[in-house]
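The values are calculated or read from the model by the stated rules, or taken from the named source; none is laboratory data. The structure presented is a predicted model; accordingly, all values stated were derived computationally and were not measured. Here the Cβ is made from the backbone with ideal geometry for all residues, glycine too, and neighbour counts use every protein chain on show. Keep in mind that these areas ignore ligands, DNA and RNA; they rest on the heavy atoms of the full protein, side chains included. Shrake-Rupley method; radii C 1.70, N 1.55, O 1.52, S 1.80 Å.
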Amino acid sequence: EAGVVQSPRYKIIEKKQPVAFWCNPISGHNTLYWYLQNLGQGPELLIRYENEEAVDDSQLPKDRFSAERLKGVDSTLKIQPAELGDSAVYLCASSLRAGQETQYFGPGTRLLVL
Amino acid sequence: GQNIDQPTEMTATEGAIVQINCTYQTSGFNGLFWYQQHAGEAPTFLSYNVLDGLEEKGRFSSFLSRSKGYSYLLLKELQMKDSASYLCAVARGSTLGRLYFGRGTQLTVWP
């Protein structure tokens with residue numbers, strides 16, 4: 001069974017440019033999460049989807065970040081415009097449903113903003 | 001935050017036993033997870049505790065005391081490949097599905 005797929009794995013952009021990350025969760029997983037991980041820190045939740053509905057986006061900086069999961073399967077996270085402080089690893093995870101279900105993580109996209 | 005605290009770094013030698021502690025302060029506790037993360041890779045699930053006690057899974061065991069807000073991950077018969085960051089994460093019932101992660105403990109296993 002394929003795990004969580006993310007692309008690209010690495011991205012280097014200049015500040016003020018837009019960037020997008022893509023995630024395909026494990027087949028059959030209804031819940032999808034986007035996390036931000038800074039160096040030496042644990043992941044922090046940005047947004048959680050139940051199917052196509054964003055049910056927890058309180059930590060998403062909505063002035064520059066947006067996300068969508070139109071058909072309740074794959075998802076895209078966008079930053080526009082990117083800032084230097086956005087340099088981090090963006091992790092996608094999925095689980096069968098929310099709650100006590102184990103979350104399975106993708107390899108992440110490592111973003112460097114110059 | 002959820003005041004999740006774990007040591008930043010630990011070292012041990014091959015074949016030894018190491019215990020990584022995690023303390024937390026949270027309301028509406030709904031379970032504690034341990035994840036392993038090798039450098040540049042995704043966190044991978046190790047264990048889940050929601051009731052007090054010890055859960056054993058091969059060389060890895062995890063313990064939880066809800067009254068003390070305390071958990072530990074016990075790694076036995078250490079191998080070089082166990083060198084990684086170990087993340088403690090707490091789930092809360094009121095924010096269903098959101099995990100609150102600690103900063104991770106970087107374990108280095110020496111030959």
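Yes or no: residue A:91 facing chain B (nearest Cβ under 8 Å) and aliphatic (A, V, I, L, M)? Considered against the rule, which asks whether it is facing chain B (nearest Cβ under 8 Å) and aliphatic (A, V, I, L, M), residue A:91 comes out as yes.
Restricting to the stretch A:6-35, count the residues that are within 11 Å of chain B (Cβ to nearest Cβ) and either of a type in the set (Lys, Arg) or not in a loop (DSSP other than H, G, I, E, B) (or both). Write out each step before concluding.
The first filter runs over the stretch A:6-35 and keeps only residues within 11 Å of chain B (Cβ to nearest Cβ), leaving A:6, A:9-10, A:30-33, A:35.
The next check asks that each one be either of a type in the set (Lys, Arg) or not in a loop (DSSP other than H, G, I, E, B) (or both); those that pass are A:6, A:9-10, A:31-33, A:35.
Count: 7.
Consider the stretch A:64-88. How many of its residues are outside any loop (DSSP other than H, G, I, E, B), away from every other protein chain (no Cβ under 14 Å), small (Gly, Ala, Ser) and surrounded by 14 or more Cβ atoms within 10 Å (Cβ to Cβ)? The number of residues fulfilling the criteria is 3. Being without any contact (Cβ under 8 Å) to a residue 60 or more places away in the chain and touching a Lys or Arg at 6+ places or on another chain (Cβ under 7 Å) is the requirement here; does residue A:41 meet it? Against the criterion (without any contact (Cβ under 8 Å) to a residue 60 or more places away in the chain and touching a Lys or Arg at 6+ places or on another chain (Cβ under 7 Å)), residue A:41 qualifies.
Scanning the stretch A:1-34 for residues that are at positive phi and surrounded by 14 or more Cβ atoms within 10 Å (Cβ to Cβ) yields a count of 0. Within the stretch A:36-59, the residues that satisfy the criterion of being within 12 Å of the chain's Cα centre (by Cα) and either assigned to a strand (DSSP E or B) or hydroxyl-bearing (Ser, Thr, Tyr) (or both) are A:36, A:37, A:44, A:45, A:46, A:47, A:48, A:49.
How about the stretch B:41-54: which of its residues are within 13 Å of chain A (Cβ to nearest Cβ), of a type outside the set (S, T, N, Q) and either in a loop (DSSP other than H, G, I, E, B) or over 11 Å from the mean Cα position of the chain (by Cα) (or both)? Show your work before the answer.
Restricting attention to the stretch B:41-54, the residues satisfying the condition of being within 13 Å of chain A (Cβ to nearest Cβ) are B:41-51.
From what's left, of a type outside the set (S, T, N, Q): B:41-43, B:45-46, B:48, B:50-51.
Result: B:41, B:42, B:43, B:50, B:51.
Whenever a residue of the stretch A:48-64 is within 14 Å of residue A:77 (Cα to Cα), its partners that are modelled with pLDDT under 90 and among the acidic types (Asp, Glu), lying with C-beta atoms within less than 6 angstrom and at least six residues away or across chains, give the pairs A:48/A:56.
Just give me the residues in the stretch A:71-114 being more than 22 Å from residue A:27 (Cβ to Cβ) and hydroxyl-bearing (Ser, Thr, Tyr), in sequence order. The one that is more than 22 Å from residue A:27 (Cβ to Cβ) and hydroxyl-bearing (Ser, Thr, Tyr): A:87.
State whether one or more residues within the stretch B:33-47 are open to solvent by 30 Å² or more (accessible area, probe 1.4 Å), farther than 30 Å from residue A:23 by Cα and of a type outside the set (Asp, Glu).
There is no residue in the stretch B:33-47 that is open to solvent by 30 Å² or more (accessible area, probe 1.4 Å), farther than 30 Å from residue A:23 by Cα and of a type outside the set (Asp, Glu).
Scan the stretch A:42-63 for residues that are closer than 25 Å to residue B:39 by Cα and surrounded by fewer than 14 Cβ atoms within 10 Å (Cβ to Cβ) and the total you get is 0. Evaluated against (1) open to solvent by less than 40 Å² (accessible area, probe 1.4 Å); (2) touching a Gly at 6+ places or on another chain (Cβ under 8 Å), residue B:18 falls short on exactly one condition, (2).
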